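The block underneath contains the structure these notes are about, expressed in structure tokens.
The values are calculated or read from the model by the stated rules, or taken from the named source; none is laboratory data. What you are looking at is a predicted structure, and each value in this text was computed from that prediction instead of being measured. Here Cβ is always computed from backbone atoms with ideal geometry, including for glycine, and neighbour counts include all displayed protein chains.
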Amino acid sequence: MNLHYGCGTSVGAGWHNCDASPTLRLQRMPLLGGVFRRWLPPRFPDQILYGDIVRGMAISPNSCSAIFCSHVLEHLALDELRLALRHTFTYLKPGGTFRLIVPDFEQQVAAYLSNPDAAAISNFMGYTHLGRKTRPDGLWAWLREYYGNSHHLWMWDYKGLVKELQDAGFHSMRRCMCGDARDPAFQTVENADRFQWGLAIEATK
């Protein structure tokens, strides 16, 4: 079994693709799900299942050969990230591979510091998704803000995330690039565009 969590609308062939989006949960409701699929974007493909890596999923320990997530972990609070990594470690087989991508905060800070433009700080708050241009106005806007999970809650550099992986039990961490995994299964879920401005790490159980 290969697990792709936080997949959004991307389906990896041969993978168990899942996401914790509230929109997906509504679209999978009995009876009313068809209404939400029609009127509440984005439309999630039928192959994508609801699954929350923080709460845990109905996946047997030591059952996954490969696990992948792309631009997911930065949307978690620190305590949630630690739960997610522990669950990821539990689901992997011994010797299994976990590959992840998050925004490279070190690279983003360097870009900000090297930019003399007066708009540098506003740009930084925008492309890191740490800032808010406006407060949510109205119940629907507040619900989207709270449940939509579009903002970044914790940012990472290589040394910080490697320490979290070590604490979760992983070993043999390394920076990785799109397409350099030994397991060819990753070719069906990795997208080169997602590696741009990204920090990609491979870890082993």
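At-a-glance table
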| read-out | value |
| --- | --- |
| Within region 160-205, considering residues that are of a type in the set (A, V, I, L, M, F, W, C) and in contact with a Lys or Arg (Cβ under 7 Å, 6 or more places away or on another chain), the one surrounded by the fewest Cβ atoms within 10 Å (Cβ to Cβ) | Ala181 |
| Scan of region 10-26 for residues that are at pLDDT 85 or above, over 20 Å from Ala84 (Cα atoms) and buried (at least 18 other Cβ atoms within 10 Å of the Cβ), ordered by number | Gly12 |
| Qualifying residue in region 85-106 (condition: closer than 19 Å to Val162 by Cβ, part of a strand (DSSP E or B), aromatic (Phe, Trp, Tyr) and under 21 Å from the mean Cα position of the chain (by Cα)) | yes |
| Pick from region 131-159, criterion modelled with pLDDT of 90 or more and part of a helix (DSSP H, G or I), ranking: surrounded by the fewest Cβ atoms within 10 Å (Cβ to Cβ) | Lys159 |
| Considering residues of region 62-83 that are part of a helix (DSSP H, G or I) and touching a residue at least 12 places away in the same chain (Cβ under 8 Å) only, the residue nearest to the chain's Cα centre (by Cα) | Leu73 |
| Region 63-99: number of residues that are closer than 14 Å to Phe170 by Cα and in contact with a Pro (Cβ under 7 Å, 6 or more places away or on another chain) | 2 |
| Region 32-54: number of residues that are touching a residue at least 24 places away in the same chain (Cβ under 8 Å) and either assigned to a loop (DSSP other than H, G, I, E, B) or loosely packed, with under 11 Cβ neighbours inside 10 Å (or both) | 10 |
